[in-house]
Amino acid sequence: MEQSLSPPPWSAAQFQAGARACIPVAISVAAYGVVWGVLAKQAGLSLFEVMLMSGLVFAGSAQFVALELWTATPATLPIGPIILATLIVNLRYLLLTATMRPLVRPGTEKRSALAMWLLSDENWAMTVGEMARGRGSIAFLAGGGTTIWCFWMAATVIGRLVGSAIDDPTRYGLDFAFTATFLALLLGMWKGKADLIPWLAAALLAIAAAKLIPGSWYILIGGIGGSLAGAIAEWRRGNADQS
Amino acid sequence: MLTSPEALIAMAGMVLVTMAVKVSGLLLANRLPQTGFIAAWMRHIPGAVLASLVAPAIVTGSPAEVVAALATALMFFVTRNLFAAMATGVVAVFLVRQALQL
């Protein structure tokens, strides 16, 4: 995990590797994209608005929440609540982009910050999986993000155009594609018993938070709580070694 | 109707807050120390976030997700292949959900 070597420079090969690696998980992104497009039509979004929101906001869970607040008549659109809900749902990205720091090469801070626009849960997870094996780069993240972006854009537009009678992805188990991929990535990151405490703490906190608090708070609560538990355990072991 | 000024303002706001959060995460991390407690904390974030994403989706109250998670893990340990593990999970959850409906 210790990436003492400097991260690899931007390369087309890394970009393509990321773009390819994210195709499987992009298929389930697309399944949800079609559902979002159908709901967007019902909520009164025009095709142009669907393209703007998917293309620029590019954040699935925030877009679902925005639809719940959206109104067909512009005069009654709750602009403030929509922006606030987006902020709350997307706060988890603080943790995700923070973990990309080891990939930022000196002198590329601005470009790397811009590349965060393409960061979604899915290509973040694939990139973190690469980092656990001493690989991964900002180009890999951006390549994966580009794949996800294309699938998300195409799927939401199709959903908006078709606009009805699309099956629920849970009927085919497609909702589980995210969970299965993230689970396999997590298992691939196992490095020893030191991971047990943070993972278990994160899982328990997230399960409890998901039951008690609506929205995506469970990701932040589990992520912060679990990683803190891991750091405290490490710190206590270090103290025990010294004494 | 193409769009409205209200919708454009709302979407511009959504883009701004999303980018603000994403960029702050990266910039804040850049300013944090690279050794010691904070660094150890940062090191544990990826695993903890992944565990947080996964755990509530597995513990749903239905056995389908638990069975599918076990199948996914087994397939991953055997093949070490991400796609095979994902496909196994999807098929398993589909089959168990179908079986539960009968």
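Considered as a group, the residues in the stretch B:30-55 that are closer than 18 Å to residue A:121 by Cβ and out of contact with any Ser or Thr (no Cβ under 7 Å at 6 or more places or on another chain) include one that is surrounded by the most Cβ atoms within 10 Å (Cβ to Cβ), and that residue is B:52.
Only residues that are assigned to a loop (DSSP other than H, G, I, E, B) and over 19 Å from residue A:63 (Cβ atoms) were counted across the stretch A:89-127, and they come to 7. I need the full set of residues from the stretch A:43-67 which are touching a residue at least 60 places away in the same chain (Cβ under 8 Å) and surrounded by fewer than 20 Cβ atoms within 10 Å (Cβ to Cβ), in order please. Result: A:47, A:51, A:55, A:61. Annotation note: of A:96, A:118, the sole residue that is in contact with a Gly (Cβ under 6 Å, 6 or more places away or on another chain), closer than 21 Å to residue B:45 by Cβ and either aliphatic (A, V, I, L, M) or in contact (Cβ under 8 Å) with a residue 12 or more places away in the chain (or both) is A:118.
Condition check for residue B:1 on (1) more than 7 Å from every other protein chain (Cβ to nearest Cβ); (2) surrounded by fewer than 20 Cβ atoms within 10 Å (Cβ to Cβ): one failure, at (1). Only one entry in A:175, A:168 is in contact with a helix residue (DSSP H, G or I) (Cβ under 6 Å, 6 or more places away or on another chain) and over 12 Å from residue B:47 (Cβ atoms), namely A:175. When residue B:67 is tested against (1) modelled with pLDDT of 95 or more; (2) more than 20 Å from the chain's Cα centre (by Cα), exactly one condition is not met: (2). Checked against (1) at the interface with another protein chain (Cβ under 7 Å from one of its Cβ atoms); (2) outside any helix (DSSP H, G or I), residue B:83 passes all but condition (2).
In the condition set (1) assigned to a helix (DSSP H, G or I); (2) under 30 Å from residue A:43 (Cα atoms); (3) at pLDDT below 95, residue A:167 is compliant with all but (1).
When you look at residue A:138, is it of a type in the set (A, V, I, L, M), buried (at least 22 other Cβ atoms within 10 Å of the Cβ) and in contact with a Cys (Cβ under 7 Å, 6 or more places away or on another chain), yes or no? Criteria not met by residue A:138.
Here the stretch B:74-89 is the region considered, the condition is being touching a residue at least 12 places away in the same chain (Cβ under 8 Å) and under 16 Å from the mean Cα position of the chain (by Cα), and the residue that is surrounded by the most Cβ atoms within 10 Å (Cβ to Cβ) is B:89.
Only a single item in (1) more than 8 Å from chain B (Cβ to nearest Cβ); (2) farther than 16 Å from residue A:9 by Cα; (3) assigned to a helix (DSSP H, G or I) is not met by residue A:133, and it is number (3).
All of A:30, A:12 fail the test of being away from chain B (no Cβ under 13 Å) and either surrounded by fewer than 16 Cβ atoms within 10 Å (Cβ to Cβ) or over 23 Å from residue B:15 (Cβ atoms) (or both), apart from A:12. For residue A:201, the requirement of being in contact with a helix residue (DSSP H, G or I) (Cβ under 7 Å, 6 or more places away or on another chain), outside the structural domain of residue A:38 (by TED's automatic domain parsing) and of a type in the set (A, V, I, L, M, F, W, C) is met.
The values are calculated or read from the model by the stated rules, or taken from the named source; none is laboratory data. All figures in this text were calculated on a predicted structure; none of them were measured in a lab. Every residue, glycine among them, receives a Cβ derived from its backbone with ideal geometry; neighbour counts consider all protein chains shown.
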